[in-house]
1. Restricting to segment 66-85, what's the tally of residues that are under 25 Å from PHE223 (Cβ atoms) and open to solvent by 50 Å² or more (accessible area, probe 1.4 Å)?
2. Could you check segment 295-313 and list, in sequence order, the residues that are touching a strand residue (DSSP E or B) at 6+ places or on another chain (Cβ under 8 Å) and of a type outside the set (S, T, N, Q)?
3. Filter segment 274-290 for residues that are more than 17 Å from ARG162 (Cα to Cα), surrounded by 19 or more Cβ atoms within 10 Å (Cβ to Cβ) and of a type outside the set (Val, Ile, Thr); which is nearest to the chain's Cα centre (by Cα)?
4. In segment 315-359, how many residues are over 23 Å from the mean Cα position of the chain (by Cα), more than 30 Å from VAL83 (Cβ to Cβ) and open to solvent by 40 Å² or more (accessible area, probe 1.4 Å)?
5. Taking segment 185-218, which residues are touching a helix residue (DSSP H, G or I) at 6+ places or on another chain (Cβ under 9 Å) and either under 24 Å from TRP117 (Cβ atoms) or surrounded by 15 or more Cβ atoms within 10 Å (Cβ to Cβ) (or both)?
6. Quick check on this structure: which one of LYS139, LYS154 is at pLDDT 95 or above, out of contact with any helix residue (DSSP H, G or I) (no Cβ under 8 Å at 6 or more places or on another chain) and assigned to a strand (DSSP E or B)?
7. Out of the residues in segment 360-374 meeting the condition of being more than 22 Å from THR296 (Cα to Cα) and small (Gly, Ala, Ser), tell me which one is least open to solvent (accessible area, probe 1.4 Å).
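The values are calculated or read from the model by the stated rules, or taken from the named source; none is laboratory data. Keep in mind it's a predicted model, so treat the numbers as computed, not measured. We place every Cβ from the backbone using ideal geometry, glycine too, and count neighbours over all the protein chains shown. Just the protein is used for accessible areas: all its heavy atoms, side chains included, with ligands, DNA and RNA removed. Shrake-Rupley method; radii C 1.70, N 1.55, O 1.52, S 1.80 Å.
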Amino acid sequence: MGTLVGPVLSAFTTSKDRPLFPSPTASLPSSKPHLTTSRKTHHHEINTSRFGNFLHLKPESKPGCLDSDLPWFNPSDRPCFDVIIIGTGPGGLRLAEQVSQYGIKVCCVDPSPLSFWPNNYGVWVDEFESLGLVECLDKIWPMTCVYIDDHKTKYLDRPYGRVSRKILKTKLLENCVSNSVKFHKAKVWQVKHEEFESTIQCDDGSELKASLIVDASGFSSSFVEYDKPRNYGYQIAHGILAEVDSHPFDLDKMVLMDWRDSHLGNEPYLRVNNSKLATFLYAMPFDSNLIFLEETSLVSRPVLSYSEIKRRMEARLRHLGIRVRRVIEDEKCLIPMGGPLPRIPQNVMAIGGISGVVHPSTGYMVARTMALAPLVAEAIAECLGSTRMIRGRPLYHKVWNGLWPIERRLSREFCCFGMETLLKLDLVGTRNFFEAFFDLDPYYWHGFLSSRLSLHELASFSLSLFGHASNSSRLDIMSKCPVPLVRMLGNLALQVI
């Protein structure tokens, strides 16, 4: 369940590709980071938390930068490019890497191009294998598990991996440099458009021109336009990468979702609220003393309060007997999900979170963005890489429809319906839903989580899910979903017309 670059709220990092909705862990140099035993460590031992009480501990890691040499844009040079990409997050760099392979002149503009990405990313291993990026995973769990409740656990034979942010960003930057991509360290303040050319104005006073501007700066961007209300659902989470005395999880299994609520037995207020709007634990155990833990609200509208998330996580860790000794890294995650697509087409192209590629039902984004960037690059190359130099409206139409062809738009509407369904389920309904979901043929639940199913396959998926559901779950879905269903059918009809 991913986070977001260029946060919606400045207090939150936004994101990621979360496993099913949660956010992955910190990218450290190796799958088992070295833990020192210096005086500093002893100091932290004095401040070790009580069981579950970790909120007073401060994260030790600090934001850093890659030690790389980039080819910087020289203001004295002619400030004209084929494509300018705003932002150097995963989506922006992936698109720059792919577009520049066609010999197209690209410039990436970002206030800090070499900064480490603030988000943590986790992906299904088969997704990165298909993209040739498996070497960018620094930890792989051969299995995942889902705790439905205290008595039911699903074991999923699908490996899950943690993305090394350092390795992935280094790889993308190196490929960009090899393809002669230029970089400019600045913040974009304004974008102006003429018929065949656009100009960006930066906070350092510079102006750069290009045939196409691509916004990859995250959900908070104001450069991409919408013509419908942005009625998002929100995924919110608090996570920590921590050194602990011990934890109860198997080291060969990543915990995708833990819906158990026995930890709230002595917390009547929290338990009542959780029964209406449930949260789950997402956990990546690296060894017996190092683990990433994240309490996540899958989707809510309005957004669940961040303080509520932290209180529930504190109660859960206390119940599990997890004593946090050190917080190495923490994560505050807010992901807008669903809502309308940007206006298609428009003068500014988009990639990443602002483009609508976040999975509306899960919060997944990074693996999908990595997969879609080559398709967008191909569409750009057909216009700007040709001797015809197709620009202006035909270019915008071509690239936007390269990202969002009609089939992909229709499939997204179905997934938005899935999000609206999840918004209406309480804890019992959510448990029943995921018990049926993970009982499906792996082809369906794999494909749904990875956005691989066609519209026809999504219809078969929904029928299969309904067939696997319990009678109470079917009744729950039928009683709560007529309005979202009608809305989806209406939107599908509008897309087709």
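1. Qualifying residue count, segment 66-85: 5.
2. GLU295, LEU298, VAL299, ARG301, PRO302, VAL303, LEU304, TYR306, ILE309, LYS310, ARG312, MET313
3. PHE280
4. Result for segment 315-359: 5.
5. SER211, LEU212, VAL214, ASP215, ALA216, SER217, GLY218
6. Result: LYS139 is the single residue among LYS139, LYS154 that is at pLDDT 95 or above, out of contact with any helix residue (DSSP H, G or I) (no Cβ under 8 Å at 6 or more places or on another chain) and assigned to a strand (DSSP E or B).
7. ALA373
Here's the yes/no breakdown for (1) assigned to a helix (DSSP H, G or I); (2) surrounded by 17 or more Cβ atoms within 10 Å (Cβ to Cβ):
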{"residue": "LEU395", "(1), (2)": "yes, yes"}
{"residue": "ARG408", "(1), (2)": "yes, yes"}
{"residue": "ARG412", "(1), (2)": "yes, yes"}
{"residue": "LEU425", "(1), (2)": "no, yes"}
{"residue": "TYR443", "(1), (2)": "yes, no"}
